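The values are calculated or read from the model by the stated rules, or taken from the named source; none is laboratory data. The structure displayed is predicted, hence computed values, not measured ones. Glycine also receives a Cβ, built like all others from the backbone with ideal geometry; neighbour counts cover every protein chain displayed.
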Amino acid sequence: MGARFEGKVALVTGAGSGIGRAVTLRLLDEGASVLAVDVDPAGLEDTAGFGALAEGAGELATAVADLRDPDTCVSTVHTAVGRFGRLDVLGNVAGVLVASHATDLTREQYRTVMAVNLDAPFFLSQAAIPHLLQSEGNIVNIASNAGLQGVPYVVAYCMSKGGLVQLTRALATEYLKTPLRVNAIAPAGTRTNIAATAAFPADLDAELAGRMVGHRGMTEPEEVAALFAYLASDEARSVTGAVYTIDNGLTAS
């Protein structure tokens, strides 16, 4: 694989599984040094095992962090810059989903979803932007098809991902006159731990619930990682403020 990221540094959240792991491994394979961040130390250990580096791959460092805390978001960015001396790519990948009827969602569940899916990307971006301006780098947010259309039984998830789409557009617009780029990817159903472990209500309407998965089935994390690598690379230097769907035609249809 090519070395589009040789000499560059990425911070990837949610790197202990799913899309975050796939993004981490893809960037490493393309020459980036990566700070892989997750709340789950075992997941990070597994990612490090998968990332047994081939010749020409970048350096992998890991950090266990609960990004619900804004101060932890700031310190995590400082950790990446302190370890590698710069920051070129911020990958806001970490996410959580709580499935329930809207009226059953607890305040604690609501706050957790919003803190991980929306607050953390904002505070990470806020801390990272000064470094990304220096490196002429970029931010890639993993949003969701659920941030572009209504999806049942995951109201807080829809709200948080819709907010992440707007965070992407707002930051991209604010920094249009600089080299900083900000983009988002909006997958639908993807073969991740979130999809595998979500406990939907027993009385769900199956027809409505089908709105979460593309007509051609589930997306693989590696497909999302491939698009991420393009958007984060210099090949996409004219792309900012974009929201790329990767949902097997679900949004279009």
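Residues of segment 61-89 being of a type outside the set (S, T, N, Q), in contact (Cβ under 8 Å) with a residue 12 or more places away in the chain and within 19 Å of M114 (Cβ to Cβ), which ones? Result: A65, D66, L67, R68, P70, C73, V74.
Restricting attention to segment 168-195, the residues being assigned to a helix (DSSP H, G or I), among the small types (G, A, S) and touching a helix residue (DSSP H, G or I) at 6+ places or on another chain (Cβ under 9 Å) number 1. In summary, G150 fulfils each of the numbered conditions (1) within 17 Å of S233 (Cα to Cα); (2) among the small types (G, A, S); (3) in a loop (DSSP other than H, G, I, E, B) with the single exception of condition (1). Hey, can you tell me all the residues within segment 1-17 that are crowded, with 24+ Cβ neighbours inside 10 Å and either touching a Lys or Arg at 6+ places or on another chain (Cβ under 8 Å) or farther than 16 Å from L227 by Cα (or both)? Within segment 1-17, K8, V9, L11, T13, G14, A15, G16 meet the criteria. Of the conditions (1) under 30 Å from G7 (Cα atoms); (2) outside any helix (DSSP H, G or I); (3) under 17 Å from the mean Cα position of the chain (by Cα), V96 satisfies every one except a single condition; which number is it? In the conditions (1) under 30 Å from G7 (Cα atoms); (2) outside any helix (DSSP H, G or I); (3) under 17 Å from the mean Cα position of the chain (by Cα), V96 misses (1) alone.
So for segment 158-165 (the condition being modelled with pLDDT of 95 or more and either assigned to a strand (DSSP E or B) or surrounded by fewer than 16 Cβ atoms within 10 Å (Cβ to Cβ) (or both)), does at least one residue qualify? No - not one qualifying residue is present in segment 158-165. Restricting attention to segment 105-117 and to residues that are in contact (Cβ under 8 Å) with a residue 24 or more places away in the chain and either out of contact with any Lys or Arg (no Cβ under 8 Å at 6 or more places or on another chain) or over 19 Å from S144 (Cβ atoms) (or both), the residue that is surrounded by the most Cβ atoms within 10 Å (Cβ to Cβ) turns out to be V113. For segment 136-143, the criterion of being farther than 18 Å from G189 by Cα, touching a Gly at 6+ places or on another chain (Cβ under 9 Å) and at pLDDT 95 or above is met by at least one residue. Taking the numbered list (1) over 26 Å from S33 (Cα atoms); (2) modelled with pLDDT under 95 in turn, N193 passes all entries but (1). For R83, the requirement of being surrounded by fewer than 24 Cβ atoms within 10 Å (Cβ to Cβ), basic (K, R) and in a helix (DSSP H, G or I) is met. What number of residues within segment 166-190 are crowded, with 19+ Cβ neighbours inside 10 Å, more than 21 Å from G217 (Cα to Cα) and in contact with a Gly (Cβ under 9 Å, 6 or more places away or on another chain)? Adding up the residues that qualify gives 8.
Among residues of segment 90-103 that are more than 12 Å from T76 (Cβ to Cβ), those with a beta-carbon under 6 Å from a residue that is polar (S, T, N, Q) and not in a strand (DSSP E or B) at least six positions away or on a different chain give the pairs G95/N117; V98/Q109.
Name the single residue that is farthest from N138 (Cα to Cα) among those in segment 50-103 being at pLDDT below 95 and acidic (D, E). Per the criteria, the residue is E55. Does segment 58-74 contain at least one residue that is in contact with a Cys (Cβ under 6 Å, 6 or more places away or on another chain), surrounded by fewer than 24 Cβ atoms within 10 Å (Cβ to Cβ) and part of a loop (DSSP other than H, G, I, E, B)? So far as segment 58-74 goes, yes, one or more of its residues are in contact with a Cys (Cβ under 6 Å, 6 or more places away or on another chain), surrounded by fewer than 24 Cβ atoms within 10 Å (Cβ to Cβ) and part of a loop (DSSP other than H, G, I, E, B). For segment 211-222, a residue qualifies if it is in a helix (DSSP H, G or I) and modelled with pLDDT under 95, and the qualifying residues are R211, M212, P221. The residues in segment 120-135 that are touching a residue at least 40 places away in the same chain (Cβ under 8 Å), surrounded by fewer than 21 Cβ atoms within 10 Å (Cβ to Cβ) and more than 16 Å from the chain's Cα centre (by Cα) can be counted, and the count is 4.
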